[in-house]
1. Based on the alpha-carbon set only, what is the convex hull volume of segment 278-323 divided per residue, in Å³?
2. Go ahead and estimate [θ] at 222 nm for the chain from helices alone: -39,500 (n - 2.57) per DSSP H run with n ≥ 4, summed, over the residue count, rounded to 500.
3. Please compute, over every Cα-Cα pair in the chain, the percentage with a separation greater than 37 angstrom.
4. For segment 251-360, count all C-alpha to C-alpha pairs, find those more than 23 Å apart, and express that count as a whole percent of the total.
5. Compute the separation of the alpha-carbon centres of segment 207-274 and segment 56-81 and state it in Å as a whole number.
6. Hey, can you grab everything whose amide H is under 5 Å from the amide H of residue 292? Only 5+ residues off in sequence or another chain; H modelled, so Pro and N-termini drop out.
7. Take the alpha-carbon centre of segment 362-400, take the same for segment 316-360, and report the distance between them in whole Å.
8. Which distance in nm do the two modelled labels at residue 185 and residue 164 give, with both placed 7 Å along the Cα-to-Cβ direction?
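None of the figures in this text is laboratory data; all of them are computed from the coordinates on show. Everything numeric here is computed off the predicted structure, so don't read it as measured data. Methodologically, a virtual Cβ is constructed for each residue, glycine included, from the backbone with ideal geometry; neighbour enumeration extends over all protein chains shown.
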Amino acid sequence: GLFSTVDATGSGHHAAYFRPLARLTYLLDYRAFGLAPSGWHVVSVGVHAAVVVALYALLRSLFGSSALALCAAGLMAVHPVNAESVDFVSARSTMLATLFVLLSLLAHHVGSVTGSRWARSFAPALFLAGLLSKETAVVLIALLPIHDLPDLATLRATARRRARELVPFLLALAAYVALRTNALSTPLTSTHGGPGLAARVTQNVWIVARYVGLALFPAGLSAYHVIPQDWPSQWGRLLAAWVAIAVAVVLLLRLRSRPIRFGLGWFAINLLPVSGLVAIPSAAMAERYLYLPAIGIWIVAGALAARAWASMRLRQALAAGGVVVLVVLAGTTVRRNGVWRDAVTFYAEMARASPDAVLPHYSLGLALWERGDVAGARDAWLRAAAINPGYFEVSTQLGTVFVSLQDLVSAERWFRRAVELNPTSAVALFNLGVLAERQG
């Protein structure tokens with residue numbers, strides 16, 4: 001009982017995040033539900049439902065098409081790529097930022113159309129609320145000038161007016177930067193010791209193609225996506241994927257559809273915050289990152305569905321096909337939700353999806369150990385050690401496992417390996433000392 005273990009990351013690193021509004025919702029959840037997870041999940045599902053309603057209202061207001069808005073909102077509601085953002089309570093910040101971006105755009109558009117000063121003054125406040133939920137809400141600054149443009153000529157003709165309209169939003173952004181700097185002593189996020197800027201940007205050749213694939217064909221979903229170290233060698237498949245994307249974009253632009261142009265712009269603009277231009281202390285790729293950008297794809301799909309609806313005689317067949325697609329996606333989402341049932345199920349799914357990655361197996365071992373499955377934890381950690389012999393936390397855990405199995409020779413071997421790998425690890429040194437004391 002004196003032996004110590006380490007946590008799932010083994011690093012104790014904490015990211016420099018400033019998301020007070022999202023944290024406030026957690027405090028309210030705790031006051032209302034304690035640590036019972038069901039209440040927290042109900043709130044997250046409620047936030048997602050609010051996002052869906054806000055998306056429908058925005059698109060209906062922007063483009064005047066119920067079919068477009070209904071199709072895009074339906075995809076947003078049930079697409080399985082959004083399961084991680086809803087099921088993973090820590091990703092609520094993403095949903096809140098998305099909600100406030102949509103509401104701010106809606107208020108700004110309503111104010112521009114109706115002349116309502118109340119709506120136009122409320123829009124920057126909603127933008128600030130989005131920033132206080134998650135920093136990715138900053139994309140609204142780029143979305144505002146293009147959200148209601150029929151073409152580039154209109155942008156030039158109305159440039160001055162649109163620049164004036166940006167001023168309240170820029171003031172809100174300045175207030176956020178001041179608050180963030182005061183809280184974190186820096187306006188930027190912390191780095192995470194990952195690859196350099198060039199590597200982060202170029203690996204988007206693989207990541208963006210994968211994101212598009214997950215949105216169009218949601219197979220291979222996982223809470224842990226590994227970017228292959230040899231992804232440049234996959235140039236054949238990547239070239240084919242990007243040629244297909246380029247051809248699709250050209251064909252879509254030739255339709256001269258304002259919603260389609262807006263959807264494509266939305267996707268591109270909202271990918272920038274997670275593209276690696278700014279180092280983020282998190283995974284290089286995650287499905288929750290797609291929650292806000294994928295709205296652009298849903299808008300394009302809604303625009304195409306609306307065009308088909310307006311030109312087809314067999315509307316009943318089109319409606320039936322749409323319902324089938326939504327039902328299939330919803331069924332996949334229900335199955336995805338089960339992955340978050342408990343820690344063992346969660347990490348076992350990650351290990352199946354990424355069999356050659358060390359972290360899923362290491363985390364699975366921790367979950368099995370906490371459940372009391374010593375043999376299962378041993379097997380998971382032995383697999384992790386085989387994948388990456390230099391992962392010293394695994395050696396520490398294996399030493400503890402073999403102590404519990406009364407195999408002190410193996411325990412000493414693993415503890416000594418942990419110390420060799422990391423001579424400054426207090427946990428490994430402590431455990432080796434306890435074992436030496438026990439052996440006299």
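1. That works out to 77 Å³ per residue.
2. Values: 21 runs with 307 residues, N = 440.
That calculation yields -22500 deg cm²/dmol at 222 nm.
3. Result for the distance tail: 34 percent.
4. That tail contains 53 percent of the Cα-Cα pairs.
5. A separation of 20 Å, based on Cα centres.
6. Here the answer is none, since no amide H 5 or more places off falls under 5 Å of that of residue 292.
7. Taking the Cα centre of each part, segment 362-400 and segment 316-360 sit 26 Å apart.
8. Reported label-point gap for residue 185 and residue 164 is 4.4 nm.
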